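I have placed the structure first, in the form of structure tokens, so that the comments after it can refer back to it.
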Amino acid sequence: QVQLVESGGGLVQAGGSLRLSCAASGGTFSSYAMGWFRQAPGKEREFVAAITRSGARTNYADSVKGRFTISRDNAKNTVYLQMNSLKPEDTAVYFCAGTISLYAPDSRNGYSSWGQGTQVTVSS
């Protein structure tokens, strides 16, 4: 199992930007499809974005399309989430997740490895 550590969260004003990073170790990173999920207080963990092993394909939740971009650098064993035009409703703990798969699942059940999460707070 790959180990995942997120970073880059913080407090930002509405309309601002943040870039999250997720560093992987202990596995062959290029074998893993990667995803980002988020969980707000009192809510279920929800899908945000995912990327295939090579980075050729991505998919996004409707709520973040056009504002967030997922990318990866297999040489650095890292996946990123660039978040622009942030809104207060984007406030949540953001988790990265990995799975050995040809596809990039949009379901929590599709992932076997999870990070501990990083807090993102967007003030209005």
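Legend: residues D62, D90, sorted from most to least accessible area (1.4 Å probe; ligands, DNA and RNA excluded), read D62, D90. The charge dipole of the range 45-124, taken about the Cα centre with unit charges on the Cβ atoms of Lys, Arg (+1) and Asp, Glu (-1), comes to about 200 debye, rounded to the nearest 20. List every residue whose amide H lies under 5 Å from the amide H of A49, counting only residues 5 or more places away in sequence or on a different chain, with H placed 1.01 Å from N in the peptide plane. Amide H neighbours of A49: W36, A61.
Placing unit charges on the Cβ atoms of the charged side chains and taking the dipole of the range 8-124 about its Cα centre, the candidate lying farthest along the positive direction among S54, N84, C96 is S54. Cross-link partners of K76 among lysines, defined as those whose alpha carbon lies under 29 angstrom from its own and excluding same-chain residues fewer than eight positions apart: K65.
By accessible area, using a 1.4 Å probe on protein heavy atoms only, the range 1-110 has 46% of its surface on carbon and sulfur. Between the residues A33, V5, S123, the greatest Cα displacement towards the positive end of the dipole of the chain, with unit charges on the Cβ of Lys, Arg, Asp and Glu, is found for A33.
Considering only the other residues whose Cβ falls under 12 Å of the Cβ of W114, what net charge follows from Lys and Arg at +1 and Asp and Glu at -1?
Numbers: positive: R45, R108; negative: E6.
Its environment carries a net charge of +1.
Given R0 = 30 Å, the distance between the Cβ atoms of Q119 and N84 translates into a calculated FRET efficiency of 0.95.
Label sites at A75 and Q1, each approximated as a point 7 angstrom past Cα along Cα to Cβ, lie 3.1 nm apart.
Sequentially through the range 109-124, phi angles give Karplus couplings (6.51, -1.76, 1.60; θ = phi - 60°) of 5, x, 10, 10, 10, 9, x, 8, x, 9, 7, 10, 10, 10, 8, 8 Hz, Gly and Pro residues having no value and appearing as x.
The values are calculated or read from the model by the stated rules, or taken from the named source; none is laboratory data. Everything numeric in this text was worked out from a predicted model, so none of it was measured. Cβ sites come from the backbone with ideal geometry, for glycine too, and all protein chains shown count toward neighbours. All accessible areas refer to the heavy atoms of the entire protein, side chains included, with ligands and DNA or RNA removed. Shrake-Rupley method; radii C 1.70, N 1.55, O 1.52, S 1.80 Å.
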